[in-house]
Amino acid sequence: MHDLTEKEARERALRLRREIREHQYRYYVLDAPTIPDSEYDKLYRELQDIERRFPSLVTPDSPTQRVGGEVSPAFRSVPHRSPVLSLSNAFSEGEVMAFVRRVQEFAGESRPVTYVVEPKIDGLSVILRYENGLLALGLTRGDGLTGEDVTRNVRTVKAVPLQLRGLPGEESVPEFLEVRGEVYLPKDDFVRLNEERKEAGLPLFANPRNAAAGSLRQLDPRVTARRPLRALFYEIREMIAPGDASGVLFPDPGDPAASPTTTETGTLEFLKGLGFPVPAYTTATSASELVSSISKWDEHRRTLPYDTDGIVIKLDDRELARRMGFTGHSPRASLAYKFPAEQVETKVLDIILQVGRTGVLTPTAILEPVRVSGSTVSRATLHNEDVIREKDVRIGDTVVLQKAGDVIPEIVSVIKEKRTGDEREFHWPDVCPACGGEVLRFPGEAAHRCTGMSCPAQLREKLIHFASRDAMDIRGLGPAVVDALLDAGLVKDAGDLYSLTAEEIRSLPRQGEKSAEKLIDAIDASRQRPLARLLFALGIRHVGQSASYSLADRFRSLDAFLNAGPDELAEVPDIGPLTANSIVRTRSQPSVTELIAKLKRAGVKAAVSQDEPARSPGGSLMGQTFVITGGLPGMTRQEAEEKIRELGGTVSSSVSKKTSAVIVGENPGSKLDKARELGIRIIPAEEFVAMAQGRGSRI
């Protein structure tokens, strides 16, 4: 390749792009690849090499340009050319029949009507705009009138054509085209993505739709590119037909020249010919066929690669659909039918309590195993006391079970007619079943909590938290080592870590001399962590990192913190009465008193040095309040917060009018939306990290 002239390179790049696009079309649209992935990768790398050697040959529609683009601080809002409507919902066969009757009445009793039935894809709705065959704009649905410009991110989705294919028998493409579709994350890829995030210590996505939405709305398109997103397209919103000099926009289904897009089936095939992947569909020509089609889709939905909670029913005749018009928010010629959740009967064999790391006692129903929505279920959470009382669930009851969202098993109701009198009510214990500590339900909360700080059910997670990077940062003390220490009975609380010997650690499974010495050194080094980290490491409820720094800044020593009254605590920024009461309750427990005594005896730093202010009094961020949302590249959340405080700034956990700026990283949450709503400055994570590491200007 290195002997190519620029002219030869241009011709070869052109052939490669055509070949790669053809293979992408066969893979993503036809689902019928003709070459193995290794051969495709070889072609792709060759094109990359040519474009790297001859940068002037790079074109915007090249397959290599899917990944990249600069990081955007926020998505600009773009008005839709016409409203993006939603569909009316139906939840019963009767409602579907009423829809059929309305359509037939409008069409005329003697006119045959054909319906198109497609799965309702549970993804993120997108609108793509093409000009002269090239992708020009990608928008989210937004509120239906205005969407977010996610063009850079959409370009990274391999199922989205960057350049339209020529129509069969023609070389031309529409001069203008706007289509609608759904971006989704396949179910298998969703499971893998969550497994990777769990290993990396990142928050998990709740479901594939949230994962797809979060992936497409990344500020950095390189993150989107790493997610295995797919897409399906099902609607032409506007089009100037190929070779149409009049510039008339589609739809004009009354014009026979617009064929094949005068029908929904023709439109789907037309889109497929242009290079868009389209959903599978069936047709029905009568009410009975439609009911049968719904039933078949309900049976088939779990074999689909994407989540779906129903089907979409549309008239095949677009001219008839146009004449039927719209209600205030939806077309009269279409309907979304929602599948009912599969429900089965089973028995509650027992109700047990599981103690979480924060001490929350969660009741779980042990069930007679039963198959529902494709898997066997033997447990279902009952959440809290209120749910048990509201549903009147008793041990021995026959209950109706379903999977919420086809995922989480839940008890819908009790079949009280099947009670025999042998059923037993569940009574909440006064003491924790794991440690015997007092169980309390605090005002305003639905959960019961174990208040014992040495509860074995909580101890493992508390030790992991104590040793974490954001707390005492004891390198090498991960979950496996914590488990080994607990199994060997070497620690009963975090204070015992400081009396461990190298010999004791060497006696643990898979611990050699070097690893034991490193762990002892890491434990010893943690004695000098700042007071704020120690306060955070104690794991007091409601005392997060920001509150820990505020407390250290105010009291300067552990003793002063322990002796402060509730009113004095409540006056500290980020604290307030709720957190102050939590601190007072926790520090009065004997187990906490014992833990703190051990830490003091071990020489753990218990005060802020005179030359070590918790906040810089004159830093460049003095007087400013920051909120961080999402993951930061090359920096932990705790490191970022420490840097802000070092420069005199304050870190808050919530966005308000007092917030100076929001630092936005990977997978941002609702805080980003709140910042936009309030018009608060948004700082991309990369910009902040560059400043914090001395590679950028002041923020």
The set of residues whose placed amide H lies less than 5 Å from the amide H of Ala607, leaving out same-chain residues fewer than 5 positions away, is Leu558
How do Cys435, Cys450 rank when sorted from fewest to most other Cβ atoms within 10 Å of their own Cβ? Cys435, Cys450
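Ranked by Cβ crowding within 10 angstrom, fewest neighbours first, how are Lys492, Lys296 ordered? Walk me through the numbers on the way to the answer.
Numbers: Lys492 16, Lys296 13.
In increasing order of surrounding Cβ atoms, one gets Lys296, Lys492.
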In the chain, if the dipole is taken from +1 on Lys/Arg beta carbons and -1 on Asp/Glu beta carbons about the Cα centre, which of Leu315, Leu361, Ser557 is farthest to the positive end? Ser557
Hey, fewest Cβ within 10 Å first, where do Met635, Met472 land in order? Met635, Met472
For a 27 Å ceiling on Cα separation, which of these pairs sit above it: Lys492/Lys514; Lys338/Lys418; Lys187/Lys296; Lys187/Lys416; Lys272/Lys314? Lys338/Lys418; Lys187/Lys416
Hey, got the dipole for the chain? About the Cα centre, +1 on K and R Cβ, -1 on D and E Cβ, debye to the nearest 20? 1240 debye
Over the chain, what is the relative contact order in percent, taking alpha-carbon pairs closer than 8 angstrom and at least six residues apart? 9 percent
Lysines with Cα under 30 Å of Lys658, excluding same-chain neighbours fewer than 8 positions away: Lys643, Lys671, Lys674
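Coordinate-derived values only; no laboratory data. Not measured: the values here are computed from a predicted model. Note: ideal-geometry Cβ built from the backbone for every residue, glycine included; neighbour counts use all protein chains shown.
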